[in-house]
Amino acid sequence: MKDETNNTGIRMFKRYAAITTSAKILSHVLATDIDIAKIRDYFIDYHGHTVSERSLADKAIEVITQFVAQNRGKFSDDTALKNMIENHGLIALKDDYIEVKIIASVFKDMLIENHFQDVNNVVNALRDKGFIESDHDRITTKRTVKDDNGKKQSLVFYHLKLDSEYASIFGLTKDAEPIKAEINLDNKKILESWKKQNDDLIDF
């Protein structure tokens, strides 16, 4: 815990200290033996399994977002991978998030290059925070995709959900709704005008 550099973790240390100090004061005032060591051990365990894990997920999702931005051209915008050799996966803008499916091998290499020690720990932390989705009882998603020639290939992806605020950075936009022309034939003026124009054509 002495090596903690995350702001959330540091703030939690102050709370731990306040609670521990309060316990010491209460023990003195009530002349009651409160096991301060157990309280301290509890906080250490709690911090290791919650705050540190959340920090891991936050750090990982930041690295992933930067990776996608830097390699945007290698993520296809639709269901077909463009250039299977260089492609990193698929990307799409959903209603309230950005869906990114990164090929498993690319995802693992990215984490290793950014000095994450255990891929599974990162994936579990991301899944616990809702940043990653997977098939039942699996940490990955297996899908059949098509290349430029329509050839099908089975690939394993990590299915990630990024904040939709990055849509403009990734060049993603929602398709505009088609404009539907409304024709109201009950409108007498429009109907009379239409008749007049056609009468003129007939006379010509």
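Quick look at the values:
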{"quantity": "Helices (runs of 4 or more DSSP H) completely within segment 102-204 that count 1 or more residues being modelled with pLDDT of 55 or more and surrounded by 14 or more Cβ atoms within 10 Å (Cβ to Cβ)", "calculated": "104-113, 119-128, 167-170"}
{"quantity": "Count - residues of segment 83-97 that are at pLDDT 65 or above and surrounded by 11 or more Cβ atoms within 10 Å (Cβ to Cβ)", "calculated": "9"}
{"quantity": "Meets criteria (part of a helix (DSSP H, G or I), farther than 27 Å from Leu160 by Cα and modelled with pLDDT of 85 or more) for Ile64", "calculated": "no"}
{"quantity": "Of all residues in segment 16-55 being of a type in the set (D, E, K, R) and modelled with pLDDT of 75 or more, the one that is farthest from Phe116 (Cα to Cα)", "calculated": "Asp33"}
{"quantity": "Cβ-Cβ under 8 Å pairs, at least 6 apart or on other chains, segment 21-45 side in contact (Cβ under 8 Å) with a residue 12 or more places away in the chain, far side part of a loop (DSSP other than H, G, I, E, B) and of a type outside the set (Asp, Glu)", "calculated": "Ala23/Ile34; Lys24/Ile34; Ile44/Met1"}
{"quantity": "Members of segment 6-15 that are under 24 Å from the mean Cα position of the chain (by Cα) and either part of a loop (DSSP other than H, G, I, E, B) or at pLDDT 65 or above (or both)", "calculated": "Asn6"}
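The values are calculated or read from the model by the stated rules, or taken from the named source; none is laboratory data. Since the model is a prediction, treat every value here as computed from it, not as a measurement. Glycine also receives a Cβ, built like all others from the backbone with ideal geometry; neighbour counts cover every protein chain displayed.
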